[in-house]
1. Does Q236 satisfy the criteria of being surrounded by fewer than 18 Cβ atoms within 10 Å (Cβ to Cβ), within 16 Å of P170 (Cβ to Cβ) and not hydrophobic (A, V, I, L, M, F, W, C)?
2. For region 79-101, does any single residue satisfy the condition of being among the basic types (K, R) and in contact with a helix residue (DSSP H, G or I) (Cβ under 6 Å, 6 or more places away or on another chain)?
3. Name the residues in region 61-78 that are among the charged types (D, E, K, R) and either crowded, with 20+ Cβ neighbours inside 10 Å or in a helix (DSSP H, G or I) (or both), would you?
4. Test A447 against the criterion of being modelled with pLDDT of 90 or more and either within 13 Å of G530 (Cβ to Cβ) or buried (at least 20 other Cβ atoms within 10 Å of the Cβ) (or both), and give yes or no.
5. Please go through region 471-486 and give me each residue that is at pLDDT 90 or above and either surrounded by 14 or more Cβ atoms within 10 Å (Cβ to Cβ) or not small (G, A, S) (or both), ordered by number.
6. Scan Y194, Y223 and give me the residue that is modelled with pLDDT of 90 or more and in contact with a helix residue (DSSP H, G or I) (Cβ under 9 Å, 6 or more places away or on another chain).
7. Restricting to region 487-503, name every residue that is surrounded by 16 or more Cβ atoms within 10 Å (Cβ to Cβ) and within 12 Å of Q533 (Cα to Cα).
8. What tally of residues in region 16-60 results from selecting those that are exposed (fewer than 15 other Cβ atoms within 10 Å of the Cβ) and in contact with a helix residue (DSSP H, G or I) (Cβ under 9 Å, 6 or more places away or on another chain)?
Amino acid sequence: MKPGVSSERAIVLAPTGRDASVAAALIREAGYYANPCADLAGLMHEIESGAGLAVIAEEAIKTADLRRLVNWLNDQPSWSDFPIVLLTRQGGGPERNPDAVRLGQILGNVTFIERPFHPTTLASIVGSAVRARRRQYQARAILDDLTESEGLLQTAMNAGHLGALELHLPDFELEASDTCKSYFGRRGSDPFTYQDLLEAVHPNDRARRLAIVQDTIETGRDYRIEYRVIWPDGSQHWVDVRARAVRQPDGGTKSLVGVCSDITARKTAEIEREALLAQLAAERAALAELTATLEQRVEQRTTDLMLEVAARERAQEQLRQAQKMEAIGQLTGGVAHDFNNLLMAVMGNLDLLRKRMPKDPRLHRLVEGALQGAERGASLTQRLLAFARQQDLRAVPVDLGALVRGMSDLLERSLGPRVALRLDIPEGLPAACVDTNQLELAILNLAINARDAMPDGGVIEIKLAFWKARNDPSVRPGNYLKLSVVDSGTGMAPDVLKRAIEPFFSSKPVGKGTGLGLSMAHGLAVQLGGALQLASTLGKGTTATLVLPVATSAPELESSAPAPQKMKRSAVILFVDDDPLIAMSTTEMLEDLGHRVIGANSGLRALEILRSDQPIDLMMTDHMMPGMSGIELVAASLRVRPQLPVLLATGYAELPEGSQVDLPRLAKPYHQDQLRERLDQLLGGAAEQNADAAGARSLSG
């Protein structure tokens with residue numbers, strides 16, 4: 001492999017002034033590599049030597065000969081889509097700059113930044129481009145190793161949301177993965193033949209697709225095409241299909257092997273953008289034609305070129321904000337997961353230390369203080385996971401009116417004597433599908449925020465209303481309940497309102513708030529399938545509205561089933577975790593509970609133990625492990641020991657598609673008491689099953 005083949009460098013071409021050095025410095029400060037170059041020839045030399053992306057000032061290539069660069073971009077292999085960040089002048093965005101649009105169309109994968117820009121904007125876009133380039137390198141490696149490991153390929157395909165397909169010639173027999181079928185609107189269990197695929201292709205795209213297929217079969221050139229497909233439900237989608245010809249010994253084409261991905265979102269955005277640009281051009285032409293004779297109509301029409309432009313700008317700003325929050329959410333979820341692991345080791349060891357240390361009050365106070373700090377850290381990670389939409393939820397039908405009324409005493413105590421609480425709850429509202437505990441916490445957070453916004457006291461009103469969503473971009477069409485917390489406090493300025501749901505952003509004085517209340521409520525609402533809507537006017541108050549989906553069934557009744565009987569016995573437990581700190585602390589806790597522990601630091605090692613004659617009563621495993629995840633290990637273990645109870649311990653709530661949603665789980669970080677309770681439930685259930693099985697065998701004998 002030649003040097004630079006997986007480079008992540010940002011190549012900067014901005015020959016005017018200090019733009020190149022400033023941009024390179026900002027990129028390096030963000031933790032990425034950056035090399036400035038003097039001219040287009042230098043840029044090409046750097047790119048051809050290996051690069052992650054290019055940052056180019058518009059004026060540097062506006063009138064330059066771009067054939068060498070365009071040829072290089074067009075000759076990229078199928079895995080590569082080299083990212084380019086184009087720096088335009090102020091007011092020179094693609095909506096108002098035909099040259100920028102032309103460059104974007106020529107260069108392909110282009111992101112525009114208007115100058116002047118905030119350093120974090122450049123760092124964020126460069127970070128996204130580097131991560132995208134990394135994924136391209138990963139895809140290249142996957143394609144190179146395709147024939148070596150089908151299992152490795154499938155893992156990579158799942159990670160990249162790619163579907164696999166193979167077209168056997170000359171009979172045109174099609175094999176398609178479940179993911180591939182889903183991109184054509186089929187389920188994994190549905191049959192999907194080549195004729196089904198042909199019929200799914202949009203009529204206007206069939207001839208073009210057929211020509212490219214024929215060219216690949218005859219010449220062996222790579223098959224690469226984007227086309228529309230019609231799903232069985234009549235909806236239209238876009239797919240990107242890439243394949244290569246597999247040759248027979250005689251040189252003929254044996255089959256076409258490739259991947260497909262759903263690009264509906266991207267193509268829809270491109271089509272909408274082109275339509276908007278075309279509409280704008282048409283309106284300008286009509287406006288110019290009527291100027292001489294219809295000045296009044298032209299003036300009205302101009303008032304209308306401007307309203308539409310403003311609406312587009314607002315829509316683009318909303319899209320940028322949504323993308324920003326999604327990126328922050330992904331980062332936040334990862335940090336919370338890693339922090340959970342650290343807290344797991346701390347809390348586990350503190351639990352054991354508290355039980356075994358001498359009866360020294362000072363030592364006990366110190367340990368209790370450390371445990372309280374760890375608990376606060378755990379609470380923080382739960383709020384972060386809520387914002388990242390990765391918390392473990394139990395969404396059930398709930399009567400929101402009864403829930404709010406039941407909270408009224410708690411709310412009044414929390415709000416204090418200077419704030420009056422009013423409830424506006426109509427009768428006959430349907431149930432909402434929510435997690436009761438998390439929703440109560442969100443309502444309490446919103447009420448406390450409202451209280452803090454009224455330092456001189458006032459009234460907080462909590463209202464419930466039915467709402468039918470039709471064309472709201474924040475939620476899917478359907479029936480919802482709106483739970484609004486309304487105050488008449490200080491309100492928020494537009495710039496504060498814009499950032500209100502960002503994690504750790506707070507307008508309160510230092511030490512008066514974590515900045516996670518609104519972000520947690522936002523994450524909870526979105527994870528439940530709803531939204532958080534904020535409306536505020538400076539000096540007039542704020543309305544925070546949780547939009548929650550209506551349940552499809554009636555609220556659950558309180559269950560009076562007795563708790564499972566605890567098992568007071570020693571068990572042999574196979575414990576699987578790749579983190580040595582967690583493995584050490586959890587093993588100590590298990591042994592302290594009287595169990596015998598067999599440790600394994602990977603899923604493969606655990607399978608070796610399961611295949612042996614070693615007696616095992618229960619397996620406890622982490623989920624996020626290299627090589628083989630906990631879910632994959634559970635699936636493999638069921639084939640070896642179908643009756644073995646399994647406990648999944650993880651800091652993530654989000655599990656891959658197709659996993660067992662009813663798998664017993666223990667959320668990290670956990671205390672020894674929580675571990676004991678969960679093990680007692682599982683071991684007790686296993687004992688009852690074994691007893692039932694033994695009784696059945698004796699009766700049959």
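1. Values: surrounded by fewer than 18 Cβ atoms within 10 Å (Cβ to Cβ): yes; within 16 Å of P170 (Cβ to Cβ): no; not hydrophobic (A, V, I, L, M, F, W, C): yes.
No; evaluated as a whole, the condition is false for this residue.
2. Start the filter on region 79-101 by keeping residues that are among the basic types (K, R), which leaves 89, 96.
Filter once more, so that each one left must be in contact with a helix residue (DSSP H, G or I) (Cβ under 6 Å, 6 or more places away or on another chain): none.
No - not one qualifying residue is present in region 79-101.
3. Step one: of region 61-78, the residues among the charged types (D, E, K, R) are 62, 65, 67-68, 75.
R67, R68 - these are the residues of region 61-78 that are among the charged types (D, E, K, R) and either crowded, with 20+ Cβ neighbours inside 10 Å or in a helix (DSSP H, G or I) (or both).
4. Details: modelled with pLDDT of 90 or more: no; either within 13 Å of G530 (Cβ to Cβ) or buried (at least 20 other Cβ atoms within 10 Å of the Cβ) (or both): yes.
Here the answer is no, as A447 does not meet what is asked.
5. Start the filter on region 471-486 by keeping residues that are at pLDDT 90 or above, which leaves 477-486.
Correct list: P477, N479, Y480, L481, K482, L483, S484, V485, V486.
6. Numbers: Y194 fails: in contact with a helix residue (DSSP H, G or I) (Cβ under 9 Å, 6 or more places away or on another chain).
None of the other options fit; the residue is Y223.
7. Within region 487-503, L497, A500, I501 meet the criteria.
8. Qualifying residue count, region 16-60: 7.
The values are calculated or read from the model by the stated rules, or taken from the named source; none is laboratory data. The structure displayed is predicted, hence computed values, not measured ones. So basically every Cβ, Gly included, is an ideal-geometry build from the backbone, and we count neighbours across all protein chains shown.
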